[in-house]
Amino acid sequence: MSDMPQTDMTEFLQRHDRKSRRLFVATICASLVVSAIVFTHGLQTRGSLAAFGKLWFPILVYPVLFAVFWICVTIWKRKQPRPPGGFLMNPDDARNIARVANGGFAFVVGFAAVNLASQVAIALEIFGVLPSMHEDGARAILVATGILMAYFGNAWSRMPVPRAPDQQPATQMKFKRVFAWLIVIHGLLLALAALFLPIQAMIAATVAVCCSLMLSMAASVVIFRKALKRPGRLVTG
């Protein structure tokens, strides 16, 4: 392994981080602009903040959603260990980390586009430019989100793992694959529920899928941490 050529991915990952930050900033700014337009429209047509009613949803929910998403991604990145000598990888790991990074960026772009389109559509509906399309719009958002989740989960399965024996590469590889499959399966379930279930059943299924994803991921992290404390063993239940 030590004789294999090494590729330094530090510059690539730093460039990827800068690109992601710019995307997040641009997304939040665009969302705030839409919120400001809806807010101004509300003051002109409804006269007071107390009469805004449903206008508060597009004004507040989307900027908060983007901000929370950005904070979660930032916290996750800061918790990842940074090798002291830079991100030196063999060619296979270098290709895989590039695929995962590009897949994650594509997911963020899609997530931002879907939710910005939803916010703009709601604003245009409020302004009377578009007809009411709550159900169709909700289904489209859920289908797109589910497809994006499945895409990212498939990309995440290629995430390289440490090769050192004391870092239990087999355990880490198994955990990453389980994590990836959880994302893929729940994404597909979300898309299928939005495509085929009646609206009330779709809402219930969406809540169930989101709760299942969070609980299964939390359980996977707990199992993984316990497995790392038991060399040579992977707790599966």
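The values are calculated or read from the model by the stated rules, or taken from the named source; none is laboratory data. A quick note: this is a predicted structure, and the numbers were derived from the prediction, not measured. Ideal geometry is used to build each Cβ from the backbone, glycine not excepted, and the neighbour counts take in all protein chains shown. Surface areas here come from the heavy atoms of the whole protein model, side chains and all, with no ligands, DNA or RNA. Shrake-Rupley method; radii C 1.70, N 1.55, O 1.52, S 1.80 Å.
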With the requirement that a residue be over 25 Å from SER20 (Cβ atoms) and open to solvent by 60 Å² or more (accessible area, probe 1.4 Å), what does region 48-69 give you? LEU49, ALA50, LYS54, TRP56, PHE57
Which condition does ASP8 not pass, out of (1) touching a Gly at 6+ places or on another chain (Cβ under 8 Å); (2) open to solvent by 50 Å² or more (accessible area, probe 1.4 Å); (3) under 26 Å from GLN119 (Cβ atoms), if it passes all the others? (3)
Hits in region 106-156 - residues which are in a helix (DSSP H, G or I), among the aromatic types (Phe, Trp, Tyr) and open to solvent by 60 Å² or more (accessible area, probe 1.4 Å): TYR151
Checked region 189-204 for anything part of a helix (DSSP H, G or I) and open to solvent by 20 Å² or more (accessible area, probe 1.4 Å); matches are LEU189, LEU192, LEU195, PHE196, ILE199, GLN200, ALA201, ILE203, ALA204
Which numbered condition CYS72 fails, given (1) surrounded by 11 or more Cβ atoms within 10 Å (Cβ to Cβ); (2) within 30 Å of TRP156 (Cα to Cα); (3) not aliphatic (A, V, I, L, M): (1)
Among the residues of region 75-105, write down those that are under 30 Å from VAL120 (Cα atoms), modelled with pLDDT of 80 or more and open to solvent by 40 Å² or more (accessible area, probe 1.4 Å). ILE75, ASN102, PHE105
Among residues of region 177-188 being open to solvent by less than 30 Å² (accessible area, probe 1.4 Å) and closer than 19 Å to ILE97 by Cα, the residue modelled with the lowest pLDDT is ALA180
Select from region 120-174 the residues that are of a type in the set (Asp, Glu) and modelled with pLDDT of 80 or more and list them in ascending order. GLU125
